[in-house]
Every structure is written in C-alpha cells, then in structure tokens.
Amino acid sequence: MNKYMIYLNSKRCIGCHGCEVHCKTNKDLPVGPFLCEISHEPLKAVKGVPKTEYHFRSCYHCEDPYCVPICPTGAMKKREDGIVYVDTEACIGCMACAGACPWHIPQYNPNTGKAVKCDYCMDRVDAGLKPACVTKCTTRALKFVTIQEL
Amino acid sequence: MRKTVWSMCSMCSVRCPIKVEVEDGKVKWIEGNPHLLKGALCAKGSAGIALQRDSERPQQPLIRRGGRGAGKWEPVSWYTALDYVADKMNKIKEKYGAKAMMLSCRGGPWQDMWKTFIHGFGSPNFTNHDSGCGRNVHHASKSVYGLGRKGFIYDLKNAKHLISFGRNLMASLRVAEVNQIMDMLDNGGSFTYVDVRQTLTGIKATRFFQVRPGTDYALALGMINEVIKQEAYDKEFIEKYTTGFDKMAEFVEQYTAEWAAKECGIKVKKIKDFVSEIGQQRPSVVFHPGWMLSRYKDSFYASRMLHILNVLMGSVEVKGGQQFPKTPADCGVKGLRTFSSLVPKPEDKRADGVGWKYKHFDKGPGLFHLFYDAMLTGEPYPIKGVICYRHDPFNCFPDVAAQKEAFDNCELLVSIDTHYSEFGWYSDVILPESMYLERETPVVTQKGPKPRFAFRDRAVEPRFDTKPSWEIFKMLADRLGMSEYFPYNNAEEMWQFQLEPTGFTIDDLREKGFVALTDEPIMYDRDNLEGKFKTPSGKIEFVSQMLEENGLPSFKPYESPHKPPKGRFRLIFGRSPVHAHGHTINNPLLNELMPENTLWINSRVANRMGISEGDWVDVIADSQKGTIRAHVTDFIHPEAVYTVHGFGRQVPLQSRAYHAGMSDQKLQEGLLEMMDPAGGGLCLCEKFVTVRRSPRNPRRRVEL
Ligand code: SF4
Ligand code: SF4
Ligand code: SF4
Ligand code: SF4
C-alpha cells in the first residue's frame, strides 16, 4: 500500500524550477539527470488574463511498478510503504528499468554509472524530515502527503 | 564532523538568510533560514553548492600581461597583486590627486566598508550600478516623500490589492516577498499586472493590462485622473499630510481614462472598474513603484505617479500598505558602529557632478555612467583609476564598446569579484574574492517591521587562493597608510567593532544567524506622522520643491513614445527566476536549466516575417549584431521584442556561458548618453533593433 505522495498546489507554484535544483543538490547529482520536473500548459486567457497550470512530476511510485521486475539484479525495489528506489550497491547501470518505465523515470547518473530516481528522499523521510523538493520549495507549493490507511 | 553555519545567500542581490549544513569541510545542504523563510529557497540558492564546487572562477590574483581584454594573465601572490594595486593608486594620487580614483560596487547593505576605503584614500568618487537600475524609482520617491526608495516597505501579505507596472516579482524572486504575495492571493487579494508581455508574474494576476511599450506613464496618469473623478482617494490623509494636490489635479485633468485607454491600447472599462475596486480596498493597496526602471524617457515621472497613487490611497503606515521600515533606535537599541564614522568626509566635488552640478540627485552613490565623461574629457577633472567591487559595468550598462573607449583613458582598472566579470576580463588586476560560502561579511542592519542584525559566517574554507573582501580592503588599506579606518585583524574583531555599541556579541547572532530587536512588529501612530517625511516642506509633496528649484517640472506633459518603423522593434529585456543577470549564467546547474536566452516576438508579426518558433534570428542595432533563437508567442506586444538579460558572455574561461545566447546591452548603442535628466536613470528600453530571419538557419540537409 502506497503511503506517500507529493502534491503540487499549482495556484502557489511560480514555475521557478527551484524544486528541480533542490532535488539535484540533495542527491549530489551532476549535470544530466533530473529526478523531478516542473512543466506547464500553454497559456490560455481566463477572464482576460493569460494563465497556465503547473505540473510537478517525479516518480509515480506505481502500485505495481514496471521497473522492479525487469531489473536483472534486484536493485530496483519497492518498500512496504510504497517507495520505489534503487539499491545503488546492487545496481549495475544497465538501465533496463528506464526502458520498462512508461515515462522513462529512472535516469542514468554519469558520476556513478548507475541508475538514480526519485525515492521520496527516503533517508530524509525516515529521519522525520520532508523530501528536499518539498522542504525548500520557494513558495511552499509542494506538499508531502502521508495517506492515512482506512 | 557535521556542523550548521548561518549565512546569507549571495547568488542574487536579495541575500536571503540561509542555513548551511557542512560535513567534513564539504557543503552538504543549504536551506532558507527556518526561522525566517521556513526552509524556502530558489533554484539559484540551492545552486550555490555548484558554484562552490566549480573551478571556472578566478583561483588566485591575476595581473594582466597582454593588451586589455586579450586574456593573458599572470597568476601572482596576494602580496605582489596588492603591492601592484597600491603602487599604481599612489602614482595616480601623486599625478592627478586622490580624487582621480573611483570605486564602484553593487550597492546593498555592506557599502559602508567600500565607501570607507575610497573616502579614506581621499576621493569622493564612490558609486554603484544603480543608474542602470533603480535610480529613477529612488529619486521619484525622494521627490514625493523626501525619502529614498528604501524609505518604505510593503506589507504585501495583508494587502487587498497589489499593482505592479512591469515589476516581474516572480522572476526577480525575493523569496520572502513572493511568499507574501502568494499568501495575499490565497486570502483573496487582487493583483493587477501591467506589462508589454505576459510574465511569470502576470499569470498570477487577477487583472492584466497589456500596454503598448513605453506607455506606463500614460496609464498611471489616466488612473490618477479617474481616482480623482471617482473621488476614490483618502481625503483626510491628503488634507493632513500633503501639499500641491490641486496643482496635480489640474495637471491630470487632460489625461482621462478614455485617453489613457486609447494611448495604451486597452479597454477604458477595465481602468474604471479597477479604480472603483481600489477605491473600496484602500488604504490596503500597494502600487509597486518599480524596481529596475531605467527603461523609458519618462520612467522617472511614471514612478512618481505610482508613488503618488499610493499617497492617494492613503497607503502609508497601514496594515496591508506601505509602512516605514523600523530601525534599531525604534527598538531602543543603539545602531551598529560604522567604519565610515572614522573617516573625514572628502572635500572635493564629485567627478560625476552629483551634488553640485546635479543638485537633485542623491550624493550617496552618485551616477556611475557620468564618470565616463570625466574619463573621456578630463572634466571636471580626470578619472584615472577604477576599482569595481562585485560590479560589472559591461554587464549592467549599455554600449560596451563606448564604455571601453572611456576606460582606455584609465591607468588602473581593478576587479574584485568572486567570478570572472566581463569588466574583470578587460581590467588590469583581478583580486578574487572568496565565494559567499567561503567567507564572512560584516554585520548588517535589516530594517523592517521587526528590525534585526544579521551576518554571514564562513561555512567552509576557500577552495582556492581567494580572500574575503574585508581582508582584501584591509590589506590594501595597510599598504596605503590608512589602517586606522580598518581597525581589526580578523573577522571576530571586525564584528566586535561593529557590535560594540549595540550590546550584542557575534555569539548572539551565531545562534540562528540574526538577532531580532523586537518580538512584535512596530507601527507608528498614523495620526502623528509629523517629521517622518523629509521633503523641504515636511509634507508629502505633489509639487516637489526639490525638482522645481532645479528647473525640473513636478509634472511632465506626456509625450507619446515613438512607434518603431516597419521591421524594427523596441528591445525590451528582463529576468528569469533561474538566473541573476550575468552572475549565474556559468553556474553548472543553472546553466543546465537555462543555457541561453531567446528572442520573444509576437506571433502575427513573426508569421509575416517567416519566422517560426526556434528559428535563428539576427538582431541588429547600429554596428552591433546578435544571433539568437526566436520564441514566437501571442503574449508580447507587436512593437516589442524581449530577451532575458545577462547572456552572450565573452569570458573564454567560462566555458558554459561563453558566447551562449545574446547580450542586450551590447546592442544598446548610444544609450550610455541617454539619461533621464530628472531621475538620473538610463533609458535602456529606448533602442529600436532590426530583426530578420538569420542566414544561419539551415536551408538544406546535405549530410547523410
Ligand atoms: S520550487 Fe515550488 S514554486 Fe518553484 S517550481 Fe518548484 S514547486 Fe513551483
Ligand atoms: S520508475 Fe516508472 S515504473 Fe518505476 S515506479 Fe516510477 S513511474 Fe513506476
Ligand atoms: S522527493 Fe526527493 S528524490 Fe523525489 S523529486 Fe523530491 S527531492 Fe527529488
Ligand atoms: S532569491 Fe534565491 S538567489 Fe536570491 S538570495 Fe534568495 S535564495 Fe539566494
């Protein structure tokens, strides 16, 4: 059962791409991989004001992930709480996971030669903190939501 | 070993308070100070880590060995470099007098020290970048209130209506301010945005006026006319605190909302609705008076009218409106000791003419661009040496070729900076400053509803042979025989000197990066504001004595901006939230987000010219040309083309930024001389450029 999700309040988001860099610096990523992405719709006039919606995408942490079974070494794992993550020790960088994921979410990290993807900053979450992108979002538009089990 | 260091960001000039986590001498994490920003930070703020790890910055002092700009540098020791600079400065002093040296900086809260240095040397010529930025707004504010543009803060969080004339708040991005605006919008506040194009800011607006370029003044005049017509202003406040209302009302009579609507190309009903709305919402209404308003020939007067609109709203010392920034004295605390208090005031007149030839301009930093005349003509006296501390005139002033011609008359050009500036590359000596995570800075006073003292501590040791500026200026001062103005040997002693009268110690500031001087925000009694306005009359002046005495009108009749001829466009520039002008273009992570700029062009026009999205276009001024990719959009006025400022850099050692994108300032030929005589700002949006589809676009594919 997935326990977490990240929600973007598009009304507050200003499209500053801060979250993308907050994420990269937290994971010490070089130029190349992005683990999350801000995008927006083409502008459309609403009551005379050209407006847009922002979207935030990291990894969907699928209930039934495509990336996990395809991994030849078992490095791609899903935790009890739903977080899908790469065990870097075991990863051999074959990138089969990226090929299997419909959105090509796992990225190649040229520094380590291994796959890297959004893991909801599980080290931070386990330490009682919020993910990097959420903690430092410029306008506090991103929320880390814990889904209550019924 | 893990430690927490309190600091201030320096990726842009907002200087957000930050908390830095360091492990074994490596920066691991930067977040907005949780006590003040609850962790929030922008992309640039996080990318500070990438700057610290980047090696494409000056790594030791450099002395130029080839021709200026040729890029032949000899790495030298600090002793050699500082001896060299001191020796040259002394020679200039002997030959032309101390006043032939000038020092420029980026402005901001640490000016005291740089000013002390140049004044201590015996020159009055301290200046900064502001004539290419906010001077018009500053002088407009002085003409109305007798207070500079920092004379008010805006309580945006509680405002009912914020109005911005082209101030792109979301892209210029002051983290605390942006959050206030978002809170205001969440609470149902209104936001009116005026611009020639749609921006990151405008998409958050509840009302948008897309105006013809250069007509901001017309819209402001029309709004005032309508405010008076609808009697939407605060009569009591006007009666009590202002002079000259009738003269102003008489002047705006001809500028009706109907007229303004026609001039700006917008609907008159929208102006009228707007005015009735603010009439209900006042006094919690803030007209942002502008920031970077070195734009049009009448930007000073436009800004004056925005200040006046705030007065009409009665938006002074109210919740959700303009407020006086409170000082340590308001909290019963003595202020910081300044270094400049140790230095006698220089007696010479300023070489830029400010204070004697131009009496209506603020003497503090004067006007940088007027020093070029002194370099070229030797009048009123020659300027022979220039120190630019973290200021890059080639990036912030127009017409780089014209600037170089003036600088070529100088015998010493010194750049003190953390990165290679364009000016630095042309200079004679580069003294590399440690980047902000590697240095301390003096304590600063942050005025506001809750004033505080704040500072920057050193998070990690410098990676290269660089030094903090307090040390660079101190070492130079020692060599020039003015050690007494820099009475410290290390950062601790420097802070101690500053803090001594306040009763606080640096350890108090080390607890969370600042000390708050009050728990509750302080408000003055709005019924008793006598003495707060520093105009000659002590009132808010619609008719400005300062202007009139200097032969300038308080109200300038409106002149319609020229329409660019066919095929030509008004060149407009602006900002992106991921870059701070030219400072960050070479930062690996920010460059990755935005490696080059584009030219925004209206889709209808582009269509006619056969220009499609992503095509290369040539942008041609008089003798200068730039080539850049087109961004074809409905959301820009057909008379204008727009680009993000700061690109097209020419320092080969910045491999990512080198020749990436196009420089707007290079194309602004002739604009170095186009100063607003009343406001002192340059008119940087008064250049027409020709745009054409570039022959660089491939016509055929010839490869396999
Ligand atoms: S940091 Fe926050 S405001 Fe900025 S783009 Fe990301 S979600 Fe939006
Ligand atoms: S990487 Fe792709 S497949 Fe795997 S969990 Fe994320 S979205 Fe699903
Ligand atoms: S949760 Fe962590 S890993 Fe995922 S996008 Fe946010 S910062 Fe990156
Ligand atoms: S706005 Fe961003 S770059 Fe500027 S000081 Fe704040 S965090 Fe730093």
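Things to note:
- Taking a ≥ b ≥ c as the square roots of the eigenvalues of the Cα gyration tensor, chain B is rounded, since a/c falls below 1.5.
- Given R0 = 45 Å, the distance between the Cβ atoms of B:THR690 and B:TYR79 translates into a calculated FRET efficiency of 0.30.
- Of the chymotrypsin sites (Phe, Trp or Tyr not before Pro) in region B:306-398, the ones in a loop by DSSP (not H, G, I, E or B) with at most 12 other beta carbons within 10 Å are B:TRP356.
- For the set A:HIS55, A:HIS22, solvent exposure ranked by accessible area (probe 1.4 Å, protein chains only) runs largest to smallest as A:HIS55, A:HIS22.
- Inter-chain Cβ neighbour count for B:165-176, averaged per residue, equals 2 (cutoff 10 Å, partner chain atoms only).
- In whole percents, the pair-distance distribution calculated for region B:208-327 from its alpha-carbon pairs, binned every 5 Å from zero, is 2, 11, 21, 25, 21, 13, 5, 1, 0.
- With K and R counted +1 and D and E -1, the other residues having a Cβ less than 9 Å from that of B:PRO564 yield a net charge of +3.
- Along chain B, longest interval not containing exposed GluC sites (Glu not before Pro), exposed being DSSP loop plus at most 13 other Cβ atoms within 10 Å: B:1-230
- Apolar share of the accessible surface for region A:4-146: 54 percent from carbon plus sulfur atoms, 1.4 Å probe.
- Between B and A, accessible area buried - total, square angstrom, nearest 100, 1.4 angstrom probe: 3000 Å²
- Figure legend: label point modelled 7 angstrom from the Cα of B:GLN254 along Cα→Cβ; residues of region B:291-320 with amide N under 18 Å from it are B:298, B:301-302, B:305.
- Per-residue 3J(HN,Hα) values for region B:635-646, derived from phi via the Karplus relation 6.51 cos²θ - 1.76 cosθ + 1.60 with θ = phi - 60°, read 9, 9, 5, x, 7, 10, 10, 9, 9, 7, 6, x Hz in sequence order (x marks Gly and Pro).
- B:GLU347-B:SER623 FRET efficiency (beta carbon distance; Förster radius 51 Å; 0.05 resolution): 0.75
- Rolling a 1.4 Å probe across the protein heavy atoms gives region B:53-140 an accessible surface of 34 Å² per residue.
- Remark: for residue pairs A:LYS114/B:LYS28; B:LYS267/B:LYS563; B:LYS157/B:LYS297, the C-alpha separation exceeds 26 Å in B:LYS157/B:LYS297.
- Among beta bridges identified by DSSP and lying wholly in the protein assembly as shown, the antiparallel ones come to about 60 percent.
- Rounded to 5, percent antiparallel among DSSP beta bridges of region B:568-693: 55 percent
- Beta bridges assigned by DSSP with both partners in chain B are antiparallel in approximately 50 percent of cases.
- Average accessible area per residue (Å²) across chain A - probe 1.4 Å, nucleic acids and ligands excluded: 50 Å²
- Neighbours of B:PHE542 by Cβ distance under 10 Å: Lys/Arg scored +1, Asp/Glu scored -1, total +1.
- Each of B:LYS345, B:LYS99 has its accessible area taken with a 1.4 Å probe; listed largest first, they run B:LYS345, B:LYS99.
The values are calculated or read from the model by the stated rules, or taken from the named source; none is laboratory data. Note that this is a predicted model, so its numbers are computed, not measured. Neighbour counts are summed over all protein chains in view; Cβ atoms, including those assigned to glycine, are modelled from backbone coordinates with ideal geometry. Accessible surface areas use protein heavy atoms only, side chains included; no ligands, DNA or RNA. Shrake-Rupley method; radii C 1.70, N 1.55, O 1.52, S 1.80 Å.
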